[in-house]
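Trainee: Below are the structure tokens for one structure; questions will follow.
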Amino acid sequence: MAEIKISDVKKKIDSLLGQIKTSALKVVQVEAVRSIQKNFEVGGRPRWIPSKKKGRLKGTNTLRVTGTLSQVSAVRNDSDGTVTFTTNPGARAYARIHQEGGVINRKAGTQARRTKRDGRSVFASKNRDTGKAKKVDISFYKPYQIRIPARPYMVIPDEDLPQIMNQVANAIKRAL
């Protein structure tokens with residue numbers, strides 16, 4: 001009759017739990033990034049407040065001008081069972097204010113402007129010499145605030161959880 005040691009059973013269970021944990025974390029790492037990227041494709045879930053863009057940016061999708069904010073990566077840590085999401089380093093300067101909302105306080109300053117032939121006033125460089133004699137006016141502006149509404153993009157909506165859990169279950173079955 002074969003003898004079963006409790007320590008051998010415990011080692012086998014611990015090994016299986018480690019495989020399950022690793023498989024689940026791999027799935028969460030991939031599926032959560034897909035879910036976050038879908039937020040950008042559909043304009044937020046729930047829908048983001050549209051931005052009030054002007055000029056050449058008018059009509060572009062909210063939070064999608066350069067695409068750097070949507071470049072989210074995930075790093076899994078098998079030892080503590082976590083997945084950490086990070087944004088592109090180029091987007092970190094404004095990522096938090098878009099996620100949580102807030103106010104940007106601008107100081108008073110000066111602005112170079114020139115008048116075009118048709119009478120429109122446009123921005124001009126203070127330091128650039130184009131070789132043409134153009135009159136550049138320096139105007140002053142008061143301090144002002146820019147209010148950014150919260151547009152949570154780094155979220156996994158409840159509607160994606162069943163699919164993610166189904167993928168996790170499939171991965172666990174394959175691991176065993």
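The values are calculated or read from the model by the stated rules, or taken from the named source; none is laboratory data. All values derive from a computational prediction rather than experimental measurement. Because the Cβ atoms are built from the backbone with ideal geometry, glycine has one as well, and the counts that use them run over all protein chains shown. Note: areas computed on protein heavy atoms with side chains; ligands, DNA, RNA excluded. Shrake-Rupley method; radii C 1.70, N 1.55, O 1.52, S 1.80 Å.
Trainee: Return the residue satisfying two criteria in turn: it lies in segment 91-136 and is assigned to a strand (DSSP E or B) and of a type in the set (A, V, I, L, M), and of such residues it is modelled with the lowest pLDDT.
Mentor: Step one: of segment 91-136, the residues assigned to a strand (DSSP E or B) are 102-106, 109-115, 121-123, 136.
Subset that is of a type in the set (A, V, I, L, M): 103-104, 112, 122, 136.
Values: V103: 93, I104: 91, A112: 80, V122: 78, V136: 71.
Checked segment 91-136; the qualifying residue modelled with the lowest pLDDT is V136.
Trainee: Same structure again: Of all the residues that make up segment 49-78, how many are open to solvent by 60 Å² or more (accessible area, probe 1.4 Å), within 30 Å of G18 (Cβ to Cβ) and within 16 Å of the chain's Cα centre (by Cα)?
Mentor: 1
Trainee: Could you tell me whether A150 is small (G, A, S) and under 15 Å from the mean Cα position of the chain (by Cα)?
Mentor: Spelling it out, A150 is indeed small (G, A, S) and under 15 Å from the mean Cα position of the chain (by Cα).
Trainee: Return a yes/no flag: does segment 141-154 have any residue that is open to solvent by 60 Å² or more (accessible area, probe 1.4 Å), touching a Phe, Trp or Tyr at 6+ places or on another chain (Cβ under 7 Å), modelled with pLDDT of 80 or more and part of a strand (DSSP E or B).
Mentor: No, segment 141-154 has no match at all.
Trainee: Take the residues in segment 30-48 that are among the hydrophobic types (A, V, I, L, M, F, W, C) and assigned to a helix (DSSP H, G or I), then tell me which one is surrounded by the most Cβ atoms within 10 Å (Cβ to Cβ).
Mentor: Taking the candidates together, the pick is I36.
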